[in-house]
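Read-outs: derived from the displayed coordinates by stated rules, not from any lab. The model shown is predicted, which means the values in this text are computed figures rather than measured ones. Here the Cβ positions follow ideal geometry from the backbone for every residue, glycine too, while neighbour counts run over all protein chains shown.
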Amino acid sequence: MSFDHLKPEITTILHNNEATLNERLYALCNFLRESIPHYDWVGYYFRNGDKEELKLGPYVGAPTEHTIIPFGKGICGQVAVSNENFVVPDVTAQDNYIACSIHVKAEIVIPLFVNGENIGQIDIDSATPDPFTKADEALLEFVNEKVAGLMA
Ligand code: SME
């Protein structure tokens, strides 16, 4: 399976010069959640200034109290320091995990690099067990490369 058919609309959303960056990211999160049934919560976290922590940016899905996540904590905080994609097929198997909702079964986090620096990430929660494949990673890497192009 591939999500290549979603790429033109993603490009259109991100190139909308009428909207601010945050508005485009919100529209992007919304489009991904509407288009892919196993995406239940889609959002961006960004490094909070010079602090060793992430701050929640635009997102769609249930509100979360985890608006600040220290580096190293949870799946998101681990990606902030590892610089690697993190695919979690079963969140109950993770020791270092921050639960946002009892409905979440799986999670994927893909880092966002601007000029080679890990400045944030896209985070997706799923209520479907073990739903993510290489196609999700490929799509979200494409998305983040496009987003990075707006922030460089
Ligand atoms: N589960 C994440 C926290 C963020 S929420 O999923 C929105 C984690 O373990 O880092």
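Label-to-label distance for LYS51 and ALA99 is 2.6 nm, based on points extended 7 Å past Cα in the beta-carbon direction. Springs join every pair of Cα atoms under 10 Å in this Gaussian network model of the chain, and among ALA62, ALA99, ALA80 the largest mean-square fluctuation is at ALA62.
Please work out how much length the chain gains when fully extended from ASP90 to ALA138, using 0.36 nm per residue of separation minus the C-alpha to C-alpha distance, in nm with one decimal. The partial results should precede the final answer.
Details: separation 48, 0.36 × 48 = 17.28 nm, distance 2.01 nm.
Length difference between fully extended and current span is 15.3 nm.
If the viscosity is 0.692 mPa s and the temperature 37 °C, what translational diffusion coefficient in µm²/s does Stokes-Einstein give for the range 65-130 when Rh comes from Kirkwood over Cα pairs?
Numbers: Rh = 12.1 Å.
In µm²/s, the coefficient rounds to 272.
Summarising the label geometry, the points placed 7 Å from Cα in the beta-carbon direction at LEU21 and ALA152 lie 1.4 nm from one another.
May I ask you to derive the relative contact order of the chain, considering only C-alpha pairs under 8 Å and at least 6 residues apart, and to give it as an integer percent? Working shown, then result.
Working: 274 pairs, mean separation 33.0, N = 152.
This gives 22 percent for the chain.
When the chain is described by a simple charge dipole with +1 on each Lys and Arg Cβ and -1 on each Asp and Glu Cβ, the residue from SER126, ASN85, TYR59 located farthest towards its positive end is TYR59. About its Cα centre, the dipole of the range 4-151 is roughly 200 debye, where the only charges are +1 on Lys and Arg Cβ and -1 on Asp and Glu Cβ. Over all alpha-carbon pairs in the chain, figure out the percentage whose distance exceeds 26 Å. Percent of Cα pairs beyond 26 Å in the chain: 18. The stretch between SER2 and ASN115, if pulled fully straight at 0.36 nm per residue, gains 37.9 nm over its current Cα-Cα span. Straight Cα distances below 24 angstrom link LYS55 to the lysines LYS73, LYS105, LYS146, with same-chain residues fewer than 8 positions distant left out.
How high is the FRET efficiency between GLU145 and SER35 when r is their beta carbon distance and R₀ equals 25 Å, given to the nearest 0.05? Efficiency at R0 = 25 Å is approximately 0.85.
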